[in-house]
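One structure is given below, encoded as structure tokens.
The values are calculated or read from the model by the stated rules, or taken from the named source; none is laboratory data. If you're wondering where the values come from, they're calculated on a predicted model, not measured in any experiment. Every residue, glycine as well, gets a Cβ built from its backbone with ideal geometry; the counts of neighbours run over all protein chains shown. Heads up: the accessible areas ignore ligands, DNA and RNA and are worked out on the full protein's heavy atoms, side chains in. Shrake-Rupley method; radii C 1.70, N 1.55, O 1.52, S 1.80 Å.
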Amino acid sequence: LGRNDRLFIDSISISFQYLVGGPTSEKTTLLDLSTPAAAGFLAGNPTGHDSDGTGSGAGFSQITSMASLGPWTYVSTLYTIKKLNAETGEVTTFAGDSAWAGSCVEGVSGADVRFVQIFDLATDGRYLYVSEDCPGTAGHIRRLDLATGASTTLATGSYLRGDIEIAPNGDILV
């Protein structure tokens with residue numbers, strides 16, 4: 001990996017994102033690590049655009065974080081959270097809109113939620129927690145229901161930009 005390339009590893013998959021001819025032309029590949037002897041390609045293509053699909057028919061742009069739960073890996077880009085089925089390689093948009101460049105918006109479903117810049121993801125098995133930057137209000141911690149994608153802002157403040165973890169007792173660590 002080069003100086004501007006990124007590598008994310010979790011218990012189910014590895015993602016490496018690398019530049020192919022310039023900062024706007026990146027390729028992202030997700031590999032399955034659940035069975036090391038059979039590790040192989042899961043999803044991604046060289047277009048550098050967010051797109052739903054299966055295998056190379058799916059795309060990720062500027063991956064910022066990943067969180068896994070069972071066969072699902074949630075992959076965040078700047079404006080979206082993708083849901084990757086590690087068993088089939090199918091990628092769908094869980095929340096957000098890759099064409100959005102506005103402000104942070106709450107929603108009653110993942111299709112209604114909008115992000116400006118996602119930093120990190122974590123899950124407790126019921127919710128997906130998102131650390132993000134929202135212009136005008138600094139950092140946000142939002143909770144998204146894994147069943148519906150509905151979002152709730154839990155906290156705001158400049159100190160909330162960055163890593164997020166869920167402690168064994170359920171506390172949210174920022």
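Worth a mention:
- Just one residue in the set VAL91, VAL108, VAL116 is of a type in the set (Val, Ile, Thr) and open to solvent by 60 Å² or more (accessible area, probe 1.4 Å); that residue is VAL108.
- Total residues in the range 125-174, condition in contact (Cβ under 8 Å) with a residue 40 or more places away in the chain, in contact with a His (Cβ under 8 Å, 6 or more places away or on another chain) and among the hydrophobic types (A, V, I, L, M, F, W, C): 1
- Residue that is open to solvent by 50 Å² or more (accessible area, probe 1.4 Å), within 26 Å of GLY170 (Cα to Cα), modelled with pLDDT of 85 or more and more than 15 Å from the chain's Cα centre (by Cα), where the choices are THR156, THR137, THR54: THR156
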